[in-house]
Amino acid sequence: MNCQLCNRRIAVKLTLRDLLWPGRLPPATVCPNCRQQFVALDYVNCCPACCRPQETDQLCPDCCSWRQKYPWQLTHRALYRYNGAMKEFMHRYKFAGDYRLRTVFAAEFTAAVRQLTAAVVVPIPVTQVTMATRGFNQVTGLLDGVDWTPCLQNRAVKKTAQSQKHRRERLRTPQPFVLSDSSKAVAGKRVLLVDDVYTTGRTLYHAADLIYQAGAAGVISISLAR
Ligand SMILES: [Zn+2]
Ligand SMILES: [Zn+2]
């Protein structure tokens, strides 16, 4: 088996148990060297609302200003830091469109999603143009066997790449979504919004705003990276 990131061969040591129950083998798709480049967030020194790494356990300035803007609070959970290795991973997974790479984090991400036990799971959608060119939504690609509901749709057919925008421009981005027919499913429910990367929070706050308008009882969110 080869590492999906650096293509080096991965030696898989089999025990007698593995041979007797082959289903137990985890998908060894990344070599230990590549794996250790990803930094898991420790939830100790971070903002309790958005997982931003910091010295204190107080709300960060960004979350304070979100709370002034909206009458509700969004608590976000992220699994990994958006460091160089994660940026490179996302680039290959999303922009080079390598769908196999979903398996690197899918099991772990799915477990974190299930742990949050939301009644309705709503992924952040990609635009029609992205869907046609990339062929998949990178967010739902990270979900293995989780039932999700497509409550949100992009207003525009094509999106201007967020990654090319500066922070201030990103924060000014107008509402990019509209509610779809299936948004009826969120009425009175606790909803989990799912995204790949949390950058400024702008996208998730726009999404949460609409989900609350659709009558959700509560909204929380999760991303692979932050
Ligand atoms: Zn590797
Ligand atoms: Zn925060």
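Only the coordinates and a few stated rules stand behind these numbers; no lab work does. Keep in mind the model is a prediction, meaning the values are calculated, not measured. Cβ: placed from backbone, ideal geometry, glycine included. Neighbour counts: every protein chain shown.
Some observations on this one:
- Nearest-20 debye value, the chain charge dipole, Cβ charges on Lys, Arg, Asp, Glu: 460
- Less than 5 angstrom separates the built amide H of Phe177 from those of Arg155, all sequence-distant by 5 or more or on a different chain.
- Residues whose amide H falls under 5 Å from that of Ala78, counting only those 5 or more places apart or on a different chain, are Ser223, with hydrogens built in the peptide plane.
- Fraction of beta bridges assigned by DSSP in the chain that are antiparallel (%, nearest 5): 25
- Chymotrypsin sites (Phe, Trp or Tyr not before Pro) restricted to DSSP loop in the stretch 22-112 with at most 14 other C-beta within 10 Å: Tyr43, Trp72
- Table column - 3J(HN,Hα) (Hz), the stretch 216-226, Karplus curve with 6.51, -1.76, 1.60, x for Gly and Pro: 4, 7, x, 9, 10, 9, 9, 9, 5, 10, 8
- Three-way shape call for the stretch 39-225 based on the alpha-carbon gyration tensor, with the a/c threshold at 1.5: rounded
- Three-way shape call for the stretch 58-103 based on the alpha-carbon gyration tensor, with the a/c threshold at 1.5: prolate
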